[in-house]
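The values are calculated or read from the model by the stated rules, or taken from the named source; none is laboratory data. No experiment lies behind these values; they were computed from the predicted model shown. Don't worry about glycine lacking a Cβ; one is built from the backbone with ideal geometry, like all the others, and counts go over all protein chains shown.
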Amino acid sequence: MRTIDDLDVSGKRVFVRSDLNVPLDGDRITDDGRIRAALPVIEKLRARGARVIVAAHLGRPKGAPDPVFSLRPVAARLGELLGTDVAFAADTAGESAHATAAALTDGQVALLENVRFEPGETSKDDAERGELADRFAQLADLYVGDAFGAVHRRHASVYDLPGRLPRAVGGLVLTEVEVLERLTSEPQRPYAVALGGSKVSDKLGVIDNLLGTADRLLIGGGMVFTFLKAQGFEVGASLLEADQLDTVRGYLDRAEREGVEIVLPVDVVAAEKFAADAPHAAVDVDAIPADRMGLDIGPKSQELFASKIADTRTVFWNGPMGVFEMEPYAGGTRALAEALIGSGAFTVVGGGDSAAAVRALGFDEAAFGHISTGGGASLEYLEGKDLPGIDVLR
């Protein structure tokens with residue numbers, strides 16, 4: 001893949017597809033990690049005299065402008081971090097976008113409004129996506145793909161536009177691919193994968209693929225209760241995907257045949273309801289009350305998981321161990337993060353909620369080998385799927 005070092009960007013309008021999909025509380029950004037991750041390529045282009053046009057999505061608007069999903073707060077924060085004014089286009093590829101792009105001078109930066117305000121961005125119709133890509137292409141001379149969190153999507157700004165302009169890969173995407181190749185091509189062993197999050201169904205593909213790659217799978221989060229039920233335990237009011245029980249039993253049988261260790265919690269924190277102030281207690285997995293729901297792995301499980309991480313050489317983690325946003329149920333996620341840091345292994349935090357948890361719980365990001373910006377993209381790469389936004393940059 002060509003990098004931005006291979007492009008002559010001085011005086012050129014460079015369309016940079018970034019991933020600025022940050023969580024918002026009203027107009028307040030609660031975690032600016034993805035904005036900070038996007039800075040290096042923007043700063044490098046600015047320093048080389050490019051006129052930088054940044055495009056990104058936020059949330060899941062319905063293909064029409066929605067002030068709830070406006071990138072205006074992101075433009076303000078991006079300007080603060082860059083230490084310069086960032087012009088904001090009030091539309092995506094219309095009059096405001098064209099006027100804003102045309103007004104840029106060397107080294108200046110503009111941010112377009114949410115690309116998903118355009119129905120063509122996410123359309124499954126090639127012609128509709130292509131029409132939007134044509135309009136994007138009129139804004140710029142060059143294209144840089146740096147939105148790893150979106151490269152698994154066949155979207156106009158990620159997949160169709162790069163074919164219409166001279167293109168290069170951004171440093172963030174390049175680093176992500178290099179890290180994931182390290183996980184899939186002869187990782188140093190023992191290689192452990194810790195998976196959490198709410199649903200087994202979200203991770204079926206990656207579990208299937210990892211059973212042929214990893215030495216250990218540590219399962220936590222809401223998805224663990226489908227595993228426990230598959231083993232014959234009662235899970236009370238905990239999250240359960242009953243339609244996945246046979247699939248999970250198949251995984252357990254296959255893991256035993258192939259010598260892959262699946263590590264499940266031995267206790268959980270069970271609460272009367274989904275609330276921080278609900279009565280709760282740690283109980284063994286064979287004693288979950290019928291009227292309680294498991295919201296975290298318990299203290300004995302935290303020790304067990306830490307022991308299974310201690311001797312590893314490579315660890316991939318995707319998904320929290322519990323509802324870390326509520327302090328009573330944050331202990332499992334905190335303990336897992338501490339185990340990764342203390343292991344001395346090459347550790348990869350697979351984006352999404354895991355990366356948010358690292359920051360929310362106050363860990364130093366530099367203590368991990370790599371924190372991905374794209375949870376879904378990371379998982380699809382580990383599933384062995386082609387990523388359209390990567391393929392088009394090759």
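Going by the structure shown, is ALA50 surrounded by 15 or more Cβ atoms within 10 Å (Cβ to Cβ) and within 14 Å of GLY145 (Cα to Cα)? Steps first, please.
Numbers: surrounded by 15 or more Cβ atoms within 10 Å (Cβ to Cβ): yes; within 14 Å of GLY145 (Cα to Cα): no.
Considered against the rule, which asks whether it is surrounded by 15 or more Cβ atoms within 10 Å (Cβ to Cβ) and within 14 Å of GLY145 (Cα to Cα), ALA50 comes out as no.
Report whether or not SER372 is of a type in the set (Ser, Thr, Tyr) and more than 20 Å from GLY149 (Cα to Cα).
On the way: of a type in the set (Ser, Thr, Tyr): yes; more than 20 Å from GLY149 (Cα to Cα): no.
For SER372, the condition - of a type in the set (Ser, Thr, Tyr) and more than 20 Å from GLY149 (Cα to Cα) - is not met.
Being assigned to a loop (DSSP other than H, G, I, E, B) and in contact with a helix residue (DSSP H, G or I) (Cβ under 9 Å, 6 or more places away or on another chain) narrows it down to one residue among GLY205, GLY212, GLY163, GLY149; which is it?
Details: GLY205 fails: assigned to a loop (DSSP other than H, G, I, E, B); GLY163 fails: assigned to a loop (DSSP other than H, G, I, E, B); GLY149 fails: assigned to a loop (DSSP other than H, G, I, E, B).
One residue alone meets the criteria, GLY212.
Tell me which strands (runs of 3 or more DSSP E) are completely within region 239-339 and hold 3 or more residues being more than 14 Å from LEU228 (Cβ to Cβ), or say none if there are none. Full working, then the answer.
Values: elements: 261-263, 267-271, 280-284, 293-297, 314-318.
Output list reads 280-284, 314-318.
Quick one: would you say ASP391 is in contact (Cβ under 8 Å) with a residue 60 or more places away in the chain and among the charged types (D, E, K, R)? If you could, list the steps in order and put the result at the bottom.
Numbers: in contact (Cβ under 8 Å) with a residue 60 or more places away in the chain: no; among the charged types (D, E, K, R): yes.
For ASP391, the condition - in contact (Cβ under 8 Å) with a residue 60 or more places away in the chain and among the charged types (D, E, K, R) - is not met.
Can you tell me which residue within region 166-182, out of those that are more than 15 Å from TYR381 (Cβ to Cβ) and either in contact with a helix residue (DSSP H, G or I) (Cβ under 9 Å, 6 or more places away or on another chain) or of a type in the set (Gly, Ala, Ser) (or both), is surrounded by the most Cβ atoms within 10 Å (Cβ to Cβ)?
We begin by selecting, within region 166-182, every residue more than 15 Å from TYR381 (Cβ to Cβ); these are 166-168, 170-171.
With the extra rule that they be either in contact with a helix residue (DSSP H, G or I) (Cβ under 9 Å, 6 or more places away or on another chain) or of a type in the set (Gly, Ala, Ser) (or both), the set shrinks to 167-168, 170-171.
Numbers: ARG167: 18, ALA168: 24, GLY170: 26, GLY171: 16.
Looking at the filtered set, the residue picked out is GLY170.
Return yes when ASP66 is of a type outside the set (Gly, Ala, Ser), in contact (Cβ under 8 Å) with a residue 24 or more places away in the chain and farther than 16 Å from VAL52 by Cβ and no when it is not.
On the way: of a type outside the set (Gly, Ala, Ser): yes; in contact (Cβ under 8 Å) with a residue 24 or more places away in the chain: yes; farther than 16 Å from VAL52 by Cβ: yes.
Taking the combined requirement at face value, the residue satisfies it.
For region 343-352, give me the residue count where each residue is closer than 20 Å to VAL323 by Cα and either assigned to a helix (DSSP H, G or I) or at pLDDT below 85 (or both). Outline the logic, then answer.
Looking only at region 343-352, we keep the residues that are closer than 20 Å to VAL323 by Cα, and these are 349-352.
Among the residues that remain, those that are also either assigned to a helix (DSSP H, G or I) or at pLDDT below 85 (or both) are: 351-352.
Qualifying residue count for the region: 2.
Quick one: in region 183-207, which of the residues that are modelled with pLDDT under 90 and closer than 21 Å to VAL151 by Cβ is surrounded by the fewest Cβ atoms within 10 Å (Cβ to Cβ)? Full working, then the answer.
Narrowing region 183-207 to residues modelled with pLDDT under 90: 184-186, 197-206.
If we keep only those that are closer than 21 Å to VAL151 by Cβ too, we end up with 184-185, 197, 202-206.
Numbers: THR184: 14, SER185: 8, GLY197: 21, ASP202: 17, LYS203: 21, LEU204: 15, GLY205: 15, VAL206: 24.
Residue satisfying both the conditions and the ranking: SER185.
Could you check region 353-369 and list, in sequence order, the residues that are surrounded by fewer than 18 Cβ atoms within 10 Å (Cβ to Cβ) and part of a loop (DSSP other than H, G, I, E, B)?
If the condition is that a residue be surrounded by fewer than 18 Cβ atoms within 10 Å (Cβ to Cβ) and part of a loop (DSSP other than H, G, I, E, B), then LEU361, GLY362, ASP364, GLY369 are the ones that fit.
For ALA93, state whether it is in contact with a strand residue (DSSP E or B) (Cβ under 7 Å, 6 or more places away or on another chain), at pLDDT 95 or above and within 19 Å of PRO65 (Cα to Cα). If you could, list the steps in order and put the result at the bottom.
On the way: in contact with a strand residue (DSSP E or B) (Cβ under 7 Å, 6 or more places away or on another chain): no; at pLDDT 95 or above: yes; within 19 Å of PRO65 (Cα to Cα): yes.
When the stated conditions are applied, ALA93 does not pass them.
When only residues in region 55-93 that are in contact with a His (Cβ under 9 Å, 6 or more places away or on another chain) and more than 16 Å from LEU139 (Cβ to Cβ) count, which is surrounded by the fewest Cβ atoms within 10 Å (Cβ to Cβ)?
My answer is PHE69.
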